[in-house]
Amino acid sequence: MTCKKRNILNRILLNWPKGTVATLKWFRDHGGYQQLIDYYQKSPWVTKIGSGAYIQYGDSVDWRGGLYAVQNQLNLPVHVGGKTALELSGFGHNIQMGQIVIIYLFASGKVRLPTWFVKYPWGDELNFKNLNIFQSQPDIGLIDYYIGGYAIKGAAPERAMIEMCALVPSYHSFEEAGHFMESLLSLRTGHLQLLLEICDSIKAKRLFLYLADLYDMPWFHKLKMMKINLGKGKRRVAVKGVLNKKYLITVPDEKNNLDIKNIP
């Protein structure tokens, strides 16, 4: 290996966090080029996992290391959200060994994930959606989740719970959303107030408030309800539900499942 090639390789490895994917764009930004990358594969220093995507030879990379490249190298506005973000925040349930986990990734607009990310066998099931419920401020309520030597962008618990409500009942049951809501005792009222004021999904906001009221969350009564636009008319959330007159959404007629007082 020539001195120039070694210097480029050292620079690449120095700036390449373990457990992450490196894209061809990122290699070029750090002085690499296709012929040199081909040489690194034969050495072997890198392993190709898809078109324009590589990992360090012998490294173990999961979906988080792939998302790191999508966010920080390709600069795509994709974030981990909903149930997955709540689990990253420590509100998840115990996962059985060998159980496939559904990873919820969201983006605003018409963003598409790169093919290598979609097709690579991460071991978990990816559920990617263009969830346009914060169109005026798509980055609001996002925080860094640190994974070893790198970080990925994801929804803070306040935004994540609203996102989860937006996917009820298509992807989450009322009961599952209720279990998560019940654990969110320390949500930040100020952050939550702003999120609810600018959220574009009437259904998500009504369901979020319904669950917060149902479980009598300590921060619920601090919200300024008059500033939150809940729209007009009824919203059908539960297909075979009963109308909750306070929030004008259909909810399951399953008092035993929720095992909490009914809201009039």
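The values are calculated or read from the model by the stated rules, or taken from the named source; none is laboratory data. What you see is a predicted model, and the numbers here were worked out from it, not measured in a lab. When we count neighbours, we look across all protein chains shown, and the Cβ atoms used for this are built from the backbone with ideal geometry, even at glycine.
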Criterion first (touching a Lys or Arg at 6+ places or on another chain (Cβ under 6 Å), modelled with pLDDT of 95 or more and surrounded by 20 or more Cβ atoms within 10 Å (Cβ to Cβ)) does Phe106 satisfy it? yes
Name the pairs whose Cβ atoms lie under 7 Å apart, with the first residue in the range 167-178 and more than 19 Å from Leu131 (Cα to Cα), the second loosely packed, with under 15 Cβ neighbours inside 10 Å, and 6 or more positions between them or separate chains? Glu175/Asn257
Please determine whether any residue of the range 202-219 is of a type in the set (A, V, I, L, M), modelled with pLDDT of 90 or more and farther than 23 Å from Gly81 by Cβ. no
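Would you mind stating whether Pro138 is more than 24 Å from Leu184 (Cβ to Cβ) and either out of contact with any Lys or Arg (no Cβ under 8 Å at 6 or more places or on another chain) or basic (Lys, Arg) (or both)?
Working: more than 24 Å from Leu184 (Cβ to Cβ): no; either out of contact with any Lys or Arg (no Cβ under 8 Å at 6 or more places or on another chain) or basic (Lys, Arg) (or both): yes.
It is false that Pro138 is more than 24 Å from Leu184 (Cβ to Cβ) and either out of contact with any Lys or Arg (no Cβ under 8 Å at 6 or more places or on another chain) or basic (Lys, Arg) (or both).
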Which pairs do you get when a residue that is under 13 Å from Ser51 (Cβ atoms), found in the range 14-35, comes within reach of a residue that is in a loop (DSSP other than H, G, I, E, B) and not hydrophobic (A, V, I, L, M, F, W, C), reach meaning Cβ atoms under 7 angstrom, with the pair 6+ apart or on two chains? Thr23/Gly52; Thr23/Gln73; Leu24/Gly52; Lys25/Gln73
Sort out which residues of the range 16-49 are buried (at least 17 other Cβ atoms within 10 Å of the Cβ) and at positive phi, and write them in order of number. Gly19
Residues being in contact with a strand residue (DSSP E or B) (Cβ under 6 Å, 6 or more places away or on another chain) and either in contact (Cβ under 8 Å) with a residue 40 or more places away in the chain or crowded, with 16+ Cβ neighbours inside 10 Å (or both): count how many of those fall in the range 57-73. 9
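Quick grid of which residues meet (1) under 23 Å from the mean Cα position of the chain (by Cα); (2) in a loop (DSSP other than H, G, I, E, B); (3) closer than 17 Å to Gly148 by Cα:
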| residue | (1), (2), (3) |
| --- | --- |
| Asn10 | no, no, no |
| Pro17 | yes, yes, yes |
| Trp26 | no, no, no |
| Gln35 | no, no, no |
| Asp59 | no, yes, yes |
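Considering only the range 154-201, state which residues are more than 29 Å from Gly66 (Cβ to Cβ) and touching a Leu at 6+ places or on another chain (Cβ under 8 Å).
Phe174, Glu175, Gly178, Met181, Thr189, Leu192, Gln193, Leu196 - these are the residues of the range 154-201 that are more than 29 Å from Gly66 (Cβ to Cβ) and touching a Leu at 6+ places or on another chain (Cβ under 8 Å).
Listed residues Ile140, Ile95, Ile100; which is closer than 25 Å to Met181 by Cα, assigned to a loop (DSSP other than H, G, I, E, B) and at pLDDT 95 or above? Don't jump to the end; show me each part of the working.
Values: Ile95 fails: at pLDDT 95 or above; Ile100 fails: at pLDDT 95 or above.
Answer to the check: Ile140.
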Within 13 Å of the chain's Cα centre (by Cα), closer than 23 Å to Gln99 by Cα and surrounded by fewer than 22 Cβ atoms within 10 Å (Cβ to Cβ) - does that describe any residue in the range 129-140? yes
